[in-house]
Amino acid sequence: MTASADFLPLSLCVLTVSDSRTPANDSSGDYLAQALADAGHRLAARALLPDDKYRLRATVSQWIADDAVDGILVTGGTGFTGRDSTPEALMPLLDKRMDGFGELFRAISFEEIGTSTLQSRAFAGLANGTFVFALPGSTSACRTGWEKIIRAQLDARTRPCNLANLKPRLKE
């Protein structure tokens, strides 16, 4: 499939997973919401939830069940502390894993933070035709993930191929 000559705006949700952040200091969620808007996409919904896998599953399940939602950007909960539960909460919801995303994210992050990237359990996949990207909670990690991977893949003009152009065929 060839890339589109036209930009196709997507409807995206942003979820911040944190026990300590509030709407007043959610710099990672703020960054992602602004970055997707700057790229021409629409913010469909935004939430900030504590590290509670059942609440995460409930919110993300609601979003992936909504045919108007094209993708979900999650920040936080991907580390190794006892409360970090984003992968455990959301991976069971995925129909297909996008293993290359986590691998590429960690490879790029290695250039920025060295071996500390081992602590990232960033991942992506597809659930009910909805893209799900899970990034670490730091704003710099969100910037890396958005600017170096996600933005281009959600832009239908990216060649030779992109995820945005697959959207019509995801539920075949």
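Overview of values
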item	result
Matching residues, the range 150-172, being basic (K, R) and farther than 21 Å from V14 by Cα	R157, R159, R169, K171
Leading residue by the ranking (farthest from I64 (Cα to Cα)) among those in the range 150-160 that are in a loop (DSSP other than H, G, I, E, B) and of a type in the set (K, R)	R159
Complete set of residues in the range 8-24 that are buried (at least 18 other Cβ atoms within 10 Å of the Cβ) and either of a type in the set (A, V, I, L, M, F, W, C) or touching a helix residue (DSSP H, G or I) at 6+ places or on another chain (Cβ under 7 Å) (or both)	L10, L12, C13, V14, L15, T16, V17
Subset tally (residues that are in contact with a strand residue (DSSP E or B) (Cβ under 7 Å, 6 or more places away or on another chain), under 18 Å from F131 (Cβ atoms) and either free of Cβ contacts under 8 Å to residues at least 24 places away in the same chain or not hydrophobic (A, V, I, L, M, F, W, C) (or both)) for the range 45-75	5
Pair list, Cβ < 8 Å and 6+ apart or interchain, from the range 127-149 residues that are in contact (Cβ under 8 Å) with a residue 24 or more places away in the chain to residues that are assigned to a helix (DSSP H, G or I) and of a type in the set (D, E, K, R)	G129/K167; S140/E112; T144/E112
Of the criteria (1) more than 17 Å from A127 (Cα to Cα); (2) of a type in the set (A, V, I, L, M, F, W, C); (3) free of Cβ contacts under 8 Å to residues at least 12 places away in the same chain; (4) part of a helix (DSSP H, G or I), which one L32 fails	(3)
Residues that are touching a helix residue (DSSP H, G or I) at 6+ places or on another chain (Cβ under 8 Å), surrounded by 13 or more Cβ atoms within 10 Å (Cβ to Cβ) and at pLDDT below 95, drawn from the range 77-108	G77, T78, G79, S85
Selection status of G145, touching a Lys or Arg at 6+ places or on another chain (Cβ under 6 Å), closer than 24 Å to A89 by Cα and crowded, with 18+ Cβ neighbours inside 10 Å	no
R46 closer than 16 Å to G76 by Cβ, among the basic types (K, R), at pLDDT 95 or above and in contact with a Gly (Cβ under 8 Å, 6 or more places away or on another chain)	yes
Close pairs (8 angstrom Cβ cut-off, 6 or more residues apart or separate chains): closer than 15 Å to L48 by Cα and outside any loop (DSSP other than H, G, I, E, B) in the range 1-26, among the hydroxyl-bearing types (S, T, Y) and at pLDDT 95 or above anywhere	V14/T75; L15/T59; L15/T75; T16/S28; T16/T75; V17/T75; V17/T86
The range 38-59, residues that are in contact with a helix residue (DSSP H, G or I) (Cβ under 6 Å, 6 or more places away or on another chain) and of a type in the set (A, V, I, L, M)	A39, L43, A47, L49, L56
Unmet requirement for Q119, which otherwise passes all of (1) surrounded by 17 or more Cβ atoms within 10 Å (Cβ to Cβ); (2) closer than 21 Å to L56 by Cα	(1)
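The values are calculated or read from the model by the stated rules, or taken from the named source; none is laboratory data. Bear in mind that the values here come from a model prediction, so they are computed numbers and not experimental data. Cβ sites come from the backbone with ideal geometry, for glycine too, and all protein chains shown count toward neighbours.
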